[in-house]
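The values are calculated or read from the model by the stated rules, or taken from the named source; none is laboratory data. Every value quoted in this text rests on a predicted model; they were computed, and no experiment measured them. All Cβ positions, even for glycine, are placed from backbone atoms using ideal geometry, and neighbour counts span all protein chains on display. When the accessible area is computed, the model is the full protein with side chains, heavy atoms only, and any ligands, DNA or RNA have been set aside. Shrake-Rupley method; radii C 1.70, N 1.55, O 1.52, S 1.80 Å.
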Amino acid sequence: MGERLPFHSSPAAYAPRTDARYMPIIFRSAKNQESCVPLCRLADQQKLSIWHTPQRFRHGSRMYSTDNFRKLCYTVFIMKKRQTQSSATGHRARAIAGVLIISAAGVIAGLYAVHVRARSRLDVAFYGLSPAIVDALTTAIEDEYAESASATFTAIPDSAPLTPRSVKKYDLLFMWNGAVAENCAAHAQPFPRHLFHLVPAALRERSDASTLLPLLLDHCELDYHKEAESAHGIAPPETLATFLTSLYDAAAVYDHPLLIAGNDDAHLLDFISVLVEAIVGADGYRTLVQAVKATPKFETVSVVPLTTDAAGTPVTLMTVLSLLELFQEQNILYPQWYDVSLADVETFLREHALYAAVMPLSYHRTLPLRTIYTYQTVRFPVSTPEVRHAVIAPELVMIKYDTQPRSDALAEKLLSADTQESLSQSTQLVPVATRAGAYDTISDDVRFFVASSTDGGAPSLFTAFPHRESAHACAEAIRIFLGKK
């Protein structure tokens, strides 16, 4: 026979294999010599066409002709080829899966790198703040993070709704203290206690002090004409009683003894705030603020008892508004003051037609110096020193949602004497740090007023409302009560 393939001499060597491809084939050569070879090896190594087959062979007990042998080997060859193709397909699938796994790992690594870069970035938001304040805080934060990380800044108008969920995407939030700030601080991260020792005790003795860090102060102030005493003998307003006396004396000299920009919601509610606090004291005013937060409707809050007078009669917001009606009738207060604009107030101040005006310090800073320099700025006078009082001084606070130490380090930097002085110079507001230099004596006096007051600072009614719509509705109801048609 032709070339002999490797084979086992005994068919029994293949007995354990049950696959037909491994069944032994015993064939007989021309010399009657039997050989035993696995069928699959025959089909694979001899390629069917180049092996000189015998005329007859038997598989087990069956005898086959040469043609049948070729057919049988071809069948086995096709089976093995399909097995090889299936194995190749499996290799390709595993290779593709490996590529996909490597690609997914690359994507995950890229996303993680983006996440790391995002966490190194500081996202800061300003809510309801003037451009001057936003610019000053932005500069201070950029100076701190110029080399270590980047920062993004977003200015949000106070007309936009603000919820704890919507602001948690920011690391830091700066805004005026009030109902909205307290809601946002409900899920904020607390500041380290040692930071509050950098501000006067009157500012840190609050139940919400751990999540609301004061940075700057505004002030609802009284400005009276400096020359009134020397030119007309009108005594300076040291108490609420002497202030009312001064208003009656000024009615004979000035066109308008007292004027407020009543068509502006914030100015109107600021004036109501200082007048209510001066009459009922800090406890009564705090009761009114809590009532506004709970039920921000004029019909409800106007009748809430705040204190009692000497006769035991409850004093309410309606009592204070009735006093304003009397002032309007006696021309102590401009009768249509609730329609007076900011521009009107500036005009009367420039012409020295006013004896006194009530305004926030932040608005005072926008007036030309030649307009306001003849007016003396003081704290709004209060009733009696026996009653505990607070200064209506809205706080610009910092709220943090960032859990990294960088926010605490930035907060400490913003409360440092140098940064506080820089912020005061830029915004012309009141620094809260006890050792920081102030913009001028007015800012320094306000800080002293708050620090020396028995009940520290208190927010304006304007920020006590949960949203601007309810504040406007209450202000409009007050205007209607006072005579607006």
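Some observations on this one:
- Full extension of the chain between LYS485 and THR139 yields a length gain of 119.9 nm, computed as 0.36 nm times the residue separation minus the alpha carbon distance.
- Loop sites in region 361-443: GluC sites (Glu not before Pro), DSSP, at most 10 other Cβ within 10 Å: GLU386
- Subtracting the Cα-Cα distance of THR242 and THR371 from 0.36 nm times their residue separation leaves 43.9 nm of extension gain.
- Selection of GluC sites (Glu not before Pro), region 324-355, meeting DSSP coil and at most 16 other Cβ within 10 Å: GLU351
- Modelled this way, with points 7 Å down the Cα-to-C-beta line, the labels at MET318 and ASP158 are 2.9 nm from one another.
- Rolling a 1.4 Å probe over the heavy atoms of the protein chains gives region 203-296 an accessible area of 35 Å² per residue.
- For region 254-259, backbone phi angles converted through the Karplus equation (6.51, -1.76, 1.60; θ = phi - 60°) give residue-by-residue couplings of 9, 4, 9, x, 9, 8 Hz, Gly and Pro being listed as x.
- Qualifying trypsin sites (Lys or Arg not before Pro) for region 368-468 [loop in DSSP, other Cβ within 10 Å: at most 12]: ARG435
- With every protein chain in place, region 127-238: carbon and sulfur % of accessible area (1.4 Å): 49
- Calculated on C-alpha atoms, the gyration radius of region 312-360 divided by its Kirkwood radius gives an Rg/Rh of 1.08.
- To put it simply, the accessible area of region 379-449 at a 1.4 Å probe is 49 percent carbon and sulfur.
- In order through region 269-286: 3J(HN,Hα) via Karplus (6.51 cos²θ - 1.76 cosθ + 1.60), integer Hz, x for Gly, Pro: 6, 4, 5, 4, 4, 5, 6, 5, 4, 5, 8, 9, x, 5, 5, x, 5, 5
- Maximal additional length on extending the SER383-ASN331 stretch stands at 16.5 nm, based on 0.36 nm per residue less the C-alpha distance.
- For region 150-285, the direction-averaged projected area of the alpha-carbon convex hull comes to 12.2 nm².
- Nearest-0.05 FRET efficiency for GLU469 and ARG94, computed from C-beta distance (R0 56 Å): 0.30
- Amide H to amide H distances under 5 Å link HIS389 with ALA282, THR454, ASP455, where only residues 5 or more positions off or on other chains count and H is placed in the peptide plane.
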